[in-house]
1. With charges only on Cβ, +1 for K and R and -1 for D and E, what is the dipole size of region B:26-179 about its Cα centre, in debye, rounded to 20?
2. Using the alpha carbons of region B:3-247, what is the convex hull volume per residue in cubic angstrom, as a whole number?
3. Quick one: check the C-alpha center-to-center distance for region B:10-35 versus region B:309-336, whole angstrom.
4. Using only Cα atoms and rounding to the nearest 10 degrees, what angle (0 to 90) does helix B:9-20 make with the longest principal axis of chain B?
5. Hey, got the average number of other protein chain Cβ atoms within 10 angstrom for residues in B:87-96?
6. Could you please report the charge total around A:Met36, scoring K, R as +1 and D, E as -1 over all other residues with beta-carbon less than 12 angstrom from its beta-carbon?
7. Mind checking the dipole of region B:1-97: about its Cα centre, +1 per Lys or Arg Cβ, -1 per Asp or Glu Cβ, Debye to the nearest 20?
8. Total Lys pairs in region B:112-266 closer than 25 Å by alpha-carbon, pairs eight or more apart in sequence or interchain only?
Amino acid sequence: MAYNLKEVVANRPSRFTPGHRMCAGCGAPPIARHIMRALKPEDHAVVCGATGCMEVSTFIYPYTAWTDSFIHTAFECAGATLAGAEAAYQSMKKQGKLPEGDTKFIAFGGDGGTYDIGLQSLSRCYGTWA
Amino acid sequence: MSIRERLSGNEAAATAMKQINPDVVAAFPITPSTEIPQYFSTFVANGTVDTEFVAVESEHSAMSACIGAEAAGARAMTATSANGLSLMWEMIYIASSLRLPIVLSLVNRAVSGPLNIHCDHSDAMGVRDSGWIMLFSETNQEAYDNTLMAHRIAEHKDVMLPLMVCQDGFITSHAIENIELVEDDKVKEFVGEYHPEHYLLNKEEPIAVGPLDLQAYLFEHKAQQATAMKNAKQVILDVSKDFEKMTGRSYGLFEEYKLEDAEVAIVCMNSTAGTTKFVVDNLRAEGIKAGLLKIRVFRPFPGEEIAKALSHIKAMAILDRADSLNAAGGALFEDVTSSMYVNNVHVPAINYVYGIGGRDTKADDIKSVYMDLLDIVKTNKIDNPYRYLGLRKEAQK
């Protein structure tokens, strides 16, 4: 089925708020907003952003544009950081330490860092989830 | 009744981790700490623990994954040595700044280069200003006991800082000693459950962790870390008191060994304290009033208490198992002497850099330090406060 942009925008509330500091006309915020809209409305997400334009413009203390949980650590390790958060989820879920419901894990690779300095950490991500 | 066992230092650390049963362990092997995740992954494979083991591709990712896990609401642990800690270095600072009480078992080894796999403290000294609590362990028993106390200290609401338990590579990590283990159920009760106030996996209260923190707030956040480190001192004492109630084993910020009436004293950390105690006993038998101050808590640094404990000494030597290469002296020397200065205590002090790259430090070496101190007491003269112990003679020029 074709992706119906109008329908998605009309029916799915945004999980990425306005007021962030990305430049007017930049393509990244609508991309992030649409990715977040792809989640099931009832699911919670843990989002990880690598250091980069997107991350520094959407989460300047004390403000955040992310309505889901968000973590940023460093430039090259969004993959490993989120793999750790996901391992926590698997472990705590198994032990009955978390309530019912699904959490999804989404990493944004930053502005190119993930496929040069961050390639090693990305391999960890594949190792965990493959 | 406690369980009498015989374990290597690495086995002791892994056993403590098994009894703590953390939610996540992410680790990458490096000599001499390799056995810790190796033993622990066996516990995971056998279903002895509930832990999710993340077999990462590097130590940088090990610490990154521990940060992700701890921020998500889990108890996360890891182990490393030397270059592994160097590779983690960027994330070590991020872990403490995000106020995540991760616990790391650091088996001390020389940082390259040139490459050397044996004990010194250059790895630990490289992260001494990173905002981690640092506990040092003379024996396998102390490595085990410090690990059992770690979470209670790190997770305390007035602290919320990561903590590393240090022990000497090979000297204790691979040496098998008698050890008294605490029963599993008692450990479980002592360590307790971890209920973080805010965490990523709480869907009722989504949070954002690790912001861009500019001129307006970073200074305040760093000051909060400093306050937490100051708070840690009392928490360490309180937790140690509880631990003593359970085991009968007493721990403070440092151990004073025959220090009360001592005239000459050595200050050192980890396994060298064991050798020093042996020498102190021998010297005491000869009528020489020798004493030892063994640092257990290196961060937060108990400067005021150390100055007080050493105030009556006539001459003292501070032993550093890492050289700061600053033409002034080792890190422990600088911490001890500056603490004494600001507390208005003046004791003639010398520094020995020793045991680099696993160079064996024998009882005779330690004895020679006490002899040098007696000479200083007699002559009241120190011609060079920054010295080496056990260095080949031809290299001393």
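Throughout, read-outs are computed from the coordinates displayed, never taken from laboratory work. Quantities reported herein were computed from a predicted structural model and do not represent experimental measurements. Using ideal geometry, Cβ is built from the backbone for each residue, glycine included, and neighbour counts are taken over all protein chains shown.
1. 240 debye
2. Details: hull volume 30.2 nm³, N = 245.
So the per-residue hull volume is 123 Å³.
3. 32 Å
4. In chain B, helix B:9-20 runs at an angle near 40 degrees to the longest axis.
5. Numbers: counts 0, 0, 0, 5, 5, 0, 1, 5, 1, 0.
The per-residue average across the peptide is 2.
6. On the way: positive: A:Arg12, A:Arg15, A:Arg33, A:Arg37, A:Lys40, A:Lys104; negative: A:Asp43, A:Asp68.
Cβ neighbours under 12 Å give a net charge of +4.
7. 300 debye
8. Counting lysine pairs in region B:112-266 gives 23.
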